[in-house]
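Take a look at the structure set out below.
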Amino acid sequence: MSNKSALIVWGGWDGHEPEKVARLFEAILTAEGFEVEVSDTLDSFANEASVFAKNLLIPVWTMGEISHEQRSVVTRAVSEFGIGIAGCHGGMCDSFRADTEWQFMTGGQWVAHPGNDGVKYPVHISKTNPHEITAGLVDFEVVSEQYYLHTDPGNNVLATTPFPTPGADGPHSENICQMPVVWTKMYGKGKVFYNSLGHHADILEAEVPKELMRRGFLWAAK
């Protein structure tokens, strides 16, 4: 069991059920032996002594605004101190649309979800890029939002979805692609993990998405 510590900060748009997701993540980490601090204020990110003492940071915050002081503590924690950061869906890659350094760190930014909630689509685990996070996991389907993101070409992509899904057609329909769903990357000394699933908490309670989060947390933690 771990003796590591994590900070979960939740808030922003209520539609993503941030508190439910935060409590789910807290339960996952507690079961792995983490000491978990859960906060509903971005001011927790500005507390250098607290943040720099953690092994893992987990934002669960959609469509907010972060101050330079709050964000700079997080980016320093990851890049300089090797503290991991991990998260999902809009809670990490649609957190702060105006902060490009946050997007540079996380490796992506939400742009669209044609068809909105209720789209049925497959998630394909990479067969050509084996990783401890995805070892032994199989392809699966979800009924949720299918995220289109602008992503860092340097990301280490572990799972993808064919985009766009038929029936959720739009102006991107002629640009068929494999949209990244799960990735890892480095930001300075720190590990970054992201999973685009998680519009509602129940999506993350399913077996494979939940296991992806658990393994992603363990991989990213310093």
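The values are calculated or read from the model by the stated rules, or taken from the named source; none is laboratory data. Quick caveat: nothing in here was measured; it's all calculated off a predicted structure. Don't worry about glycine lacking a Cβ; one is built from the backbone with ideal geometry, like all the others, and counts go over all protein chains shown.
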Quiz prompt | Residue match in segment 53-64 (condition: without any contact (Cβ under 8 Å) to a residue 40 or more places away in the chain and polar (S, T, N, Q)) | solution = no
- Task: Kindly indicate whether residue 100 is closer than 27 Å to residue 11 by Cβ, in contact with a Gly (Cβ under 7 Å, 6 or more places away or on another chain) and modelled with pLDDT of 95 or more.
- Result: no
Out of (1) hydroxyl-bearing (Ser, Thr, Tyr); (2) modelled with pLDDT under 95; (3) touching a Leu at 6+ places or on another chain (Cβ under 8 Å), the one residue 173 does not meet is (3)
Pairing a residue in segment 178-191 that is of a type in the set (Ser, Thr, Tyr) with any residue that is surrounded by fewer than 19 Cβ atoms within 10 Å (Cβ to Cβ), where Cβ atoms lie under 6 Å and the two sit 6 or more apart in sequence or on different chains, gives 184/156; 187/79
Counting only residues that are loosely packed, with under 14 Cβ neighbours inside 10 Å and in a loop (DSSP other than H, G, I, E, B), segment 98-128 contains a total of 6
Item to complete: Considering every residue within segment 16-32, establish whether at least one is farther than 23 Å from residue 211 by Cβ, at pLDDT 95 or above, outside any strand (DSSP E or B) and not charged (D, E, K, R).
Response: no
Matching residues in segment 33-87 (among the basic types (Lys, Arg), in a helix (DSSP H, G or I) and more than 20 Å from residue 98 (Cα to Cα)) number 0
Per the filter on segment 142-181, residues acidic (Asp, Glu) and surrounded by fewer than 12 Cβ atoms within 10 Å (Cβ to Cβ) are 174
